[in-house]
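The values are calculated or read from the model by the stated rules, or taken from the named source; none is laboratory data. These figures come from a predicted structure and were not determined experimentally. Here the Cβ positions follow ideal geometry from the backbone for every residue, glycine too, while neighbour counts run over all protein chains shown. The protein model used for the area step is the full one, side chains on, heavy atoms only, and it has no ligands, DNA or RNA in it. Shrake-Rupley method; radii C 1.70, N 1.55, O 1.52, S 1.80 Å.
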Amino acid sequence: MGHIQLNNICKSFGSTEVLKNIDLEIQDGEFLILIGPSGCGKSTLMNLIAGLEDITSGEIVIGGSDVSDKSPKDRDIAMVFQSYALYPTMSVGRNISFGLEMRKVPKAKREKIVAEVAELLQINHLLDRKPGQLSGGQRQRVAMGRALARSPKAFLFDEPLSNLDAKLRVEMRTEIKKLHQRLGTTIVYVTHDQVEAMTLADRIAVLKDGVVQQLGTPYEIYNDPVNHFVADFMGSPGMNFVECVVFNDKLIIESASKSYQLAVPCAKAIKDSGLESVLLGIRPEMLTDPKPYDDSGFVQEVCFDVEVVEPMGADTVAIGKWNDTEVQVRLSPESGEVAGEGFTLQVDTSKSIIFDPRSGNRIR
Amino acid sequence: MNLKMLSGISLGRVAIYLILIVFALLYLAPLYVMLTTSLKDIEEIRSGNLLALPNDPTFYAWIKAWSSACTGSECNGLAPFFWNSVKIVVPAVLISTVVGAFNGYVLAKWKFKGSELLFGALLFGCFIPFQVILLPMAILLAKLGLANTVSGLVLVHVIYGVAFTTLFFRNYYVGIPTELVRAAQLDGAGFLNIFRHVFLPLSTPIFVVTIIWQFTQIWNDFLFGVVYSGPGTQPITVALNNLVNTSIGGKEYNVDMAAAIIAALPTLFVYVVAGKYFVRGLTAGAVKG
C-alpha cells in the first residue's frame, strides 16, 4: 500500500550535489517528518518522491513497485503545497474534483467524493467560492481536500502551515494529526519548524547538507541526538553548549565567578577519548529552580548570575553565563520575577550529553 | 496667510489645467481638421477656412472613398481593400497569438535545454527592422509559391508577430506560480490539459493585449503590404496611399480625409472596446514578470 522505500537516492543540479545517498524506509501508515535548515535538500527530496524532479541515481519504490521513472500522475501520490497552489479560476468544488476529472472518474461519483471530503474538512459551505475569496486557513483546508479526494497511497506535505498565523498553525497542526489518525494513510511532511516535527511525527529524519543526520522517533531525536547539529536543531529554547575542561572524570564550569565540578553520565567514554576539553550539551529544562530530587549523583546546586529574563508565561527563560558562554535556564515564573545575581540554580546533568568539540560527534 | 496659500494652490491648478487643455487641443486639432474636411464639399474646402465647421455637412466624400474613389486605374473605392485587410489581419492575428501563447507557456513553464537561448533568439527577432528581411522573405515567398497572395502576407505577419506574442505570453506566464503546474501534474493533467484548464482561464488580459497589439501592427502595416501583395490582394494601407496619389481633375481633400479615417477606424474601434484590458494586461505582466 503506502509503503515508500528510497534506496541510495542521489540528486545533483549541475555540479552541486543536493542529496547524497539517501536511504529511507517509510512504513505504510507512518507519519514521517523531514526536517532541516533551509537549503538542506528536504523539499528536493519531497519533489523526487512526487516525481516532479528526476533522481540522478538510486531507486524509489512506492507500494512495492519501482516508480523511479514514472511520471507524477502514475505514482498515486497527492501533495499539499506551501503556497496551496489552488487553481485560481476554478471553484473550490472543482479544485477538489479536478484530479478525479483528469482521471476520468464519472461525474456522479466525483460529486459524491467532493461532498464527503467537504464534510470531513467542514468546507461544505465554501464549495462554490473561488480560492481568492477564502482566508488562509480555508485555503489550507481546500488544498488538503484536493489531496484527500483521490485517496492516494501517500500524502506529501511541503511546509503546509508556514503561511498561517501562529494560532491557526497550532489549530491546523492538531487537525492534520487527527486526520492522519482517522485515515491512517502514509504521510511525508517537510517542515523547518521543530515544534511541528515533534508534535506530529511518528519518526523524524533530520537532514543537513543533503545527508540524513538521524532518523528516529521524536523522543530519540530530542533525548538522544547523534551529533551536535541534531542536538542544536531540535528544542526551543535550544540546548546549551558549553566547552568544559575535563578534570578527574568531571567537567569544570565557572559560574558567578565560582568553580564547580559536574558529574556526567558518560565519564568513562570521556576518559577513553583522551580529550582535555569537551562540549557539554544540556537542555534548559535541566537547569531549574531548586526542587526535590532523587539523588542519583548528578544533581547539584550552582550559583548563577542571571543577566536577562524572558517570561514565556508557563515558565521563564533566564540567561546567564558559564565559562563565558551564554546559557539558558528554565525557571518557574515566580522565581523568574526575583532572579538576579547569585541565583541558586539546580543543575541536573543526568540527561546531559557530551560532544567532541572539533567534530561535533557524540562521545558515549 | 490661509487665503494666500489657498489662492496659490488654486492658481497653480488653473495653470496646470490650462496647459493640459492647450496641449489636448493641439493634439486633437489634426483629427478635428480631418473630420470637418471630410464632411465638407470641395467648393467649401477651396474657399473656406481650414478650421471652420462645415456649412452643409455631407457624406458624399465618405461614400465616394468607400465605394468609388480611384486607387490607380480602378475606381471601386476602399471597400475591396478593406476586406483584403480583414482577410490578412484576422488569420494573422489569430495564428500569431495562439502560437505565441503556446511558445510562452513552454518557455515559461516547460523549460528544456536551450530554451533560454531560444527565447533570446526570439527576443532578438523583435529588434530586426522590416527592411532587413524584405529581400530574403520575397525569395522565400516565391519559392513557396505564395508571392502576391493573401496567405503569403499572413505568413509574413505571423513570423514577424510570433517574436512579440511569445515575449508577451512568456512574461505573463512567468508570473504564474510553477506550483500550479506541479499541482496539476500530480492531479494527473498533462501538458495540454494544464494549459487548457489552468493557464487559459487566467490569460484573458494578456490575450487582449496581444490581440490589440497584433491587430494594430498588421492592420497599419504598409511596407510588407506594398512589397508582397499583388493587384488583387493589396491591404487598405496600400490602397489609401494609391487613392491619395491618384488625382483625376483636382485634389479631393475631403475624400482623402474620409479614406484615411476609414482606414484607421478598425484600430480605433479595437482600442475603445478592449482598451481597459490593454493597460491592465500590460501592467499585470510587467509587475509579475
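In table form, for the structure just shown:
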quantity	calculated
Added length on full extension, which subtracts the Cα-Cα distance from 0.36 nm per residue, A:Asn223 to A:Asp295	23.9 nm
Separation between Cα centres of region B:239-261 and region A:105-146, rounded to whole Å	65 Å
Computed FRET value (nearest 0.05) for A:His125 with B:Val174, which takes r as the C-beta separation and R₀ as 56 Å	0.95
Charge dipole magnitude, Cβ of K and R +1, D and E -1 - region A:147-230, Cα centre, debye nearest 20	380 debye
Residue-count net charge about A:Phe233 - beta-carbon cut-off 15 Å; Lys, Arg +1, Asp, Glu -1	-2
The protein assembly as shown - convex hull of alpha carbons, volume per residue in Å³	287 Å³
Spin-label pair A:Lys177/A:Ile319, simplified geometry with 7 Å Cα→Cβ offset, distance in nm	2.9 nm
Interchain or long-range residues, amide H under 5 Å from A:Leu345's placed H	A:Val302, A:Cys303, A:Phe304
Qualifying GluC sites (Glu not before Pro) in region A:174-283, DSSP loop, other Cβ atoms within 10 Å at most 11	A:Glu276
Linear extension gain, A:Ala115 paired with A:Ile252, 0.36 nm per residue minus alpha-carbon span	42.8 nm
Candidates A:Pro225, A:Pro311, A:Pro152, ranked by Gaussian network fluctuation over chain A, Cα under 10 Å, top entry	A:Pro311
Other-chain or far-sequence residues with amide H under 5 Å of A:Gly36's (modelled H)	A:Thr191, A:Leu207
Cβ-based net charge around B:Pro54, under 13 Å, with every Lys or Arg adding one and every Asp or Glu removing one	-3
Percent of beta bridges antiparallel (DSSP, chain A, rounded to nearest 5)	75 percent
Region A:238-364, relative contact order [Cα under 8 Å, separation at least 6], %	32 percent
Most positive-pole-ward Cα, A:Phe98, A:Thr325, B:Leu78, against dipole of the protein assembly as shown from beta carbon charges	B:Leu78
Folded to 0 to 90 degrees: helix A:107-121 orientation relative to chain A principal axis, Cα	20 degrees
Cα-Cα over 19 Å, subset of A:Lys70/A:Lys177; A:Lys73/A:Lys130; A:Lys271/A:Lys321; A:Lys42/A:Lys208	A:Lys70/A:Lys177; A:Lys73/A:Lys130; A:Lys271/A:Lys321
Intensity falloff of region A:128-224 expressed as log10 I(q)/I(0), Debye formula with alpha-carbon point scatterers, at q = 0.13, 0.16, 0.21 Å⁻¹	-0.51, -0.75, -1.18
Rounded percent of accessible protein surface that carbon and sulfur make up, region B:79-288, 1.4 Å probe	72 percent
Tilt relative to chain A, helix A:92-102 - C-alpha long axis, 0 to 90 degrees, to 10	70 degrees
Value at 222 nm in deg cm²/dmol, rounded to 500, when DSSP H runs of n ≥ 4 in the protein assembly as shown each add -39,500 (n - 2.57)	-15500 deg cm²/dmol
³J(HN,Hα), Karplus 6.51/-1.76/1.60, whole Hz, each residue of region B:169-179, x for Gly, Pro	5, 4, 5, 6, 6, 4, x, 8, x, 5, 4
Partners for B:Lys87 among aspartates and glutamates (Cα-Cα distance below 19 Å; same-chain residues under 8 apart left out)	B:Asp221
Pairwise burial B:A, computed as accessible area of each alone minus the pair, summed, 1.4 Å, Å²	1800 Å²
Rg/Rh (Cα only; Kirkwood hydrodynamic radius) as it applies to region A:279-329	0.96
Average beta-carbon neighbours from other chains, 10 Å sphere, peptide B:114-120	0
Where no second cysteine Cβ lies under 4.7 Å, the cysteines concerned in chain B	B:Cys126
Relative contact order (%) - chain B, alpha-carbon pairs under 8 angstrom, separation at least six	29 percent
Backbone N within region B:148-168 under 17 Å of label point (7 Å from B:Ser115 Cα along the Cβ vector)	B:166-168
Separation of the A:Ser273 and B:Asp41 label points, Cα + 7 Å toward Cβ, nm	11.2 nm
Translational diffusion coefficient (Stokes-Einstein; Kirkwood radius from C-alpha pairs) of chain A at 4 °C, 1.567 mPa s, in µm²/s	56 µm²/s
Cα-centred dipole magnitude for the protein assembly as shown, charges only on beta-carbon of K, R (+1) and D, E (-1), debye, nearest 20	2920 debye
Chymotrypsin sites (Phe, Trp or Tyr not before Pro) within region B:65-136: DSSP coil, no more than 13 neighbouring Cβ in 10 Å	B:Trp110, B:Phe112, B:Phe127
Occluded residues from region A:74-104, i.e. those whose accessible area drops by 30 Å² or more once the chain is not alone (1.4 Å probe)	A:Phe81, A:Ala85, A:Tyr87, A:Pro88, A:Thr89, A:Phe98, A:Met102
B:Val272-A:Lys20 pseudo-label distance in nm [points 7 Å out on the Cα-to-Cβ vector]	7.0 nm
Accessible surface, chain A, averaged per residue in Å² (probe 1.4 Å)	45 Å²
Dipole of region A:4-233, positive end: most advanced residue of A:Ile221, A:Gln194, A:Leu120 [Cβ charges, Cα centre]	A:Leu120
Of A:Gly235, B:Ile248, A:Pro72, farthest towards positive along the dipole that unit charges on Lys, Arg, Asp, Glu beta carbons give the protein assembly as shown	B:Ile248
Charge context of A:Tyr189, other residues only, Cβ under 14 angstrom, K/R +1, D/E -1	-2
Size of electric dipole in chain A: Cβ of Lys, Arg +1 and of Asp, Glu -1, about Cα centre, debye, nearest 20	2100 debye
